[in-house]
Amino acid sequence: MNKEKRNMKITVCIGSSCHIKGSRQVVEEFRRLIRRYNLEDKVELAGTFCMGECLKGVCVAVDDKVCSVSHDTVEEFFNKNVLECVK
């Protein structure tokens, strides 16, 4: 049986608290990684305002799971939570 690869949505908070903590850099790094692995047709990248988790840092939701990501942890986060699921 072939396991079909699924589409995924990554949503990055761009509200004021996350913006100050580097959400723009996080978005740019996600864009770069999505292009690097040719996942434009499998991964949707979106922005949203406040996710209600302001103390956690840059909030990122992969599908419905909210996590904290920084510019320094984006690639590790992407490899574990995105790449393994769609490749």
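The values are calculated or read from the model by the stated rules, or taken from the named source; none is laboratory data. All values derive from a computational prediction rather than experimental measurement. Cβ sites come from the backbone with ideal geometry, for glycine too, and all protein chains shown count toward neighbours. Calculation scope for accessible area: heavy atoms of the full protein, side chains included, ligands and nucleic acids excluded. Shrake-Rupley method; radii C 1.70, N 1.55, O 1.52, S 1.80 Å.
Take the solvent-accessible surface of the protein heavy atoms, probe 1.4 Å, and return the percent of it on the stretch 1-66 that carbon and sulfur atoms account for.
In the stretch 1-66, the share of accessible area belonging to carbon and sulfur is 49 percent.
Under 37 °C and 0.692 mPa s, how fast does the stretch 16-58 diffuse according to Stokes-Einstein, given a Kirkwood radius computed over C-alpha pairs? Answer in µm²/s, whole number.
Answer, rounded: 289 µm²/s.
Among the chymotrypsin sites (Phe, Trp or Tyr not before Pro) within the chain, which fall in a DSSP loop and have no more than 13 other Cβ atoms within 10 Å of their own Cβ?
Answer in residue order: 49.
Taking the Cβ of residue 66 as the center, what net charge do the other residues with Cβ under 11 Å away carry, scoring Lys and Arg +1 and Asp and Glu -1?
Once all neighbours under 11 Å are counted, the net charge is -1.
Treating the angle as unsigned and between 0 and 90°, give the value, to the nearest 10°, between the Cα long axis of helix 23-36 and the longest Cα principal axis of the chain.
Value to nearest ten degrees: 10.
Just subtract the alpha-carbon distance of residue 49 and residue 7 from 0.36 nm times their residue separation and send over the number in nm, one decimal.
Between residue 49 and residue 7, full extension yields 12.9 nm more.
Among 65, 42, 21, determine the one that fluctuates most according to a GNM of the chain built with springs between C-alpha atoms less than 10 Å apart.
65
Hey, if we sort 8, 51 by accessible area with the 1.4 Å probe, largest down, what's the order?
51, 8
Return the calculated 222 nm mean residue ellipticity for the chain, to the nearest 500 deg cm²/dmol, obtained by summing -39500 (n - 2.57) across DSSP H runs with n ≥ 4 and dividing by the residue count.
So the calculated ellipticity at 222 nm is -7500 deg cm²/dmol.
Anything over 19 Å Cα to Cα? Flag those among 21/87; 9/65; 9/42, in the order listed.
Table pairs above 19 Å Cα-Cα are 21/87.
If you take mean projected area of the Cα convex hull in nm² from the coordinates, which of [x] 5.4; [y] 4.9; [z] 6.1 do you get?
After the calculation, the listed value that fits is [x].
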